[in-house]
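Participant: Please find one structure pasted underneath; my questions will follow.
The values are calculated or read from the model by the stated rules, or taken from the named source; none is laboratory data. All figures in this text were calculated on a predicted structure; none of them were measured in a lab. Cβ coordinates were reconstructed from backbone atoms using ideal geometry, including for glycine residues, and neighbour counts include every protein chain displayed.
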Amino acid sequence: MPMLESLVSLSLILVGFVGLVAGGELLVRAAVALAAAMRISPLVIGLTVVAFGTSAPELAVTIQSVWSGASNLAVGNVVGSNIANILLVIGVAAIVAPLVVHERVRRIDLPLVIAVSVGVWLLSLDRRLGHLDGVLLCAALLGYLWWSMCEGRREGSCSGASASSLVEPLGPWAMARETVRLLVGLVLLSMGARLLVMGAVDIARVLGVGELVIGLTLVAVGTSLPEVATSVIAGLRGHRDIAVGNLIGSNLFNLLAVLGIGAATSPHGIAVPHAVLKLDLPIMILTAVACVPLFLVGRVGRKAGAVFLAYFAGYLVYVVLRATDSPFRQTFEIGMLAIVAPLTLAAIAVSLYPIFRRRSPD
């Protein structure tokens, strides 16, 4: 019977992933078409509409988790997804097609992601995100959306038809078609999220693995698949503003909307496990900080992408070692501090060297 239950749970996870990816794809395509028809700049489309569309799986999973009593899965999903968005998604996208970083992302959006990440960590110090915390996060999201839309329309008007060049102008029937596609995508996302949570919780119970670990690994990677697909496709098609904006905007949406709505609507808020507060949230902040030198250069190349992927693999290994209380955990920690940290500092220095060289007097 346990074997049969495991197969059923794996089938639920697989079907859930398919629903998430298919729904995210429909949602993103429809959202991009509708936003471009509104003459919003490509970067803002990536930071808002595309990013929020690809983060809809995280929102669906988190809402479903908190209302089913699996709050550890909800927090692990958001934190793990944000780590995956930077290390996994940027890694894969940069290897496929080197990414170009817009000046606005360097000056405003990346610092905002870092500030919001630190803010969520501070709000979580009491081990819970309560209703007031959720309302504050949602209010910050609305402020960011209002500012981004105003800025996007200004940039779109300054750049002429740059935004509308993404798609052909939409007539009434085309607008209706894209709206239907958007709604179908939302339905698929909701159904996929429900099946994925059911399967993930069942797997955690059968294998004796905590829901937090499942959320930080399996669910986080699964709900990041739309970001992977979107960023890779956008990079290959030359829409690199959308590729990078999708990642940064998705992290903002996860923190402000997913955690905010989850905490504000949950009967008891969202409990934050000690392990997340002590390690995973700081790692999420550090991954965002690690983008600073690369974004200052204005480009994320294939070598940097490979390094990010290696870091993500190391993080997944550590999560498993921590969950199983492996005797190799301490050795792994020492190795990461003794080898990875110096290499990271050296890589940052090398990436910043061209900037300081250009600014130094002749």
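Participant: Restricting to region 117-139, give me the number of residues that are of a type in the set (Gly, Ala, Ser) and not in a helix (DSSP H, G or I).
Facilitator: Adding up the residues that qualify gives 2.
Participant: Being among the polar types (S, T, N, Q) and modelled with pLDDT of 75 or more narrows it down to one residue among Ser11, Ser6; which is it?
Facilitator: After applying the criteria, what remains is Ser11.
Participant: Only one residue in Leu294, Leu316, Leu309 is under 25 Å from Val92 (Cα atoms) and either touching a strand residue (DSSP E or B) at 6+ places or on another chain (Cβ under 9 Å) or not in a helix (DSSP H, G or I) (or both), so which one is that? Quick ask: steps written out before the conclusion?
Facilitator: Working: Leu316 fails: either touching a strand residue (DSSP E or B) at 6+ places or on another chain (Cβ under 9 Å) or not in a helix (DSSP H, G or I) (or both); Leu309 fails: either touching a strand residue (DSSP E or B) at 6+ places or on another chain (Cβ under 9 Å) or not in a helix (DSSP H, G or I) (or both).
Going through Leu294, Leu316, Leu309 in turn, just one is under 25 Å from Val92 (Cα atoms) and either touching a strand residue (DSSP E or B) at 6+ places or on another chain (Cβ under 9 Å) or not in a helix (DSSP H, G or I) (or both): Leu294.
Participant: If you don't mind, another one. Working carefully through the options Val101, Val96, Val75, Val118, find the one that is in contact with a helix residue (DSSP H, G or I) (Cβ under 9 Å, 6 or more places away or on another chain) and closer than 18 Å to Ala51 by Cβ.
Facilitator: Val101
Participant: All but one of (1) crowded, with 24+ Cβ neighbours inside 10 Å; (2) out of contact with any Leu (no Cβ under 9 Å at 6 or more places or on another chain); (3) within 29 Å of Val201 (Cβ to Cβ) hold for Ala234, so report the exception by its number.
Facilitator: The failed condition is (3).
Participant: Cβ-Cβ distance below 9 Å, separation of 6 or more or different chains: which pairs start in region 257-284 with a residue that is surrounded by fewer than 19 Cβ atoms within 10 Å (Cβ to Cβ) and end on one that is modelled with pLDDT of 85 or more and polar (S, T, N, Q)?
Facilitator: Matching pairs, first to second residue: Leu277/Ser124.
Participant: Quick one: which of Ala341, Ala323, Ala346, Ala306 is at pLDDT 80 or above and either among the aliphatic types (A, V, I, L, M) or surrounded by 19 or more Cβ atoms within 10 Å (Cβ to Cβ) (or both)?
Facilitator: Sole residue among the options that is at pLDDT 80 or above and either among the aliphatic types (A, V, I, L, M) or surrounded by 19 or more Cβ atoms within 10 Å (Cβ to Cβ) (or both): Ala306.
Participant: Something else about it: Only one residue in Arg177, Arg153 is at pLDDT 75 or above and within 18 Å of Ala33 (Cα to Cα). Which one?
Facilitator: Arg177
Participant: Taking region 73-115 on its own, how many of its residues are more than 29 Å from Ala306 (Cβ to Cβ) and surrounded by fewer than 24 Cβ atoms within 10 Å (Cβ to Cβ)?
Facilitator: Number satisfying all stated conditions: 0.
Participant: Does any residue in region 68-89 that is in a loop (DSSP other than H, G, I, E, B) come within less than 7 Å, Cβ to Cβ, of a residue that is modelled with pLDDT under 85 six or more places away or on a different chain, and which pairs are these?
Facilitator: The qualifying pairs are Ser68/Val197; Ala70/Val197; Ala70/Val201; Ala70/Glu211.
Participant: Leu296 passes all but one of (1) modelled with pLDDT under 85; (2) surrounded by fewer than 24 Cβ atoms within 10 Å (Cβ to Cβ); (3) in contact with a Phe, Trp or Tyr (Cβ under 7 Å, 6 or more places away or on another chain); which number fails?
Facilitator: So Leu296 meets the others, but not (3).
Participant: Follow-up question, since we're still on this one. Name the residue that is nearest to Ile233 (Cα to Cα), counting only residues in region 92-116 that are assigned to a loop (DSSP other than H, G, I, E, B) and of a type in the set (A, V, I, L, M).
Facilitator: Among residues in region 92-116 that are assigned to a loop (DSSP other than H, G, I, E, B) and of a type in the set (A, V, I, L, M), the one nearest to Ile233 (Cα to Cα) is Ala97.
Participant: Could you tell me whether any residue of region 255-276 is in contact with an Asp or Glu (Cβ under 6 Å, 6 or more places away or on another chain), on the phi < 0 side of the Ramachandran plot and assigned to a helix (DSSP H, G or I)?
Facilitator: Yes; the residues of region 255-276 include at least one that is in contact with an Asp or Glu (Cβ under 6 Å, 6 or more places away or on another chain), on the phi < 0 side of the Ramachandran plot and assigned to a helix (DSSP H, G or I).
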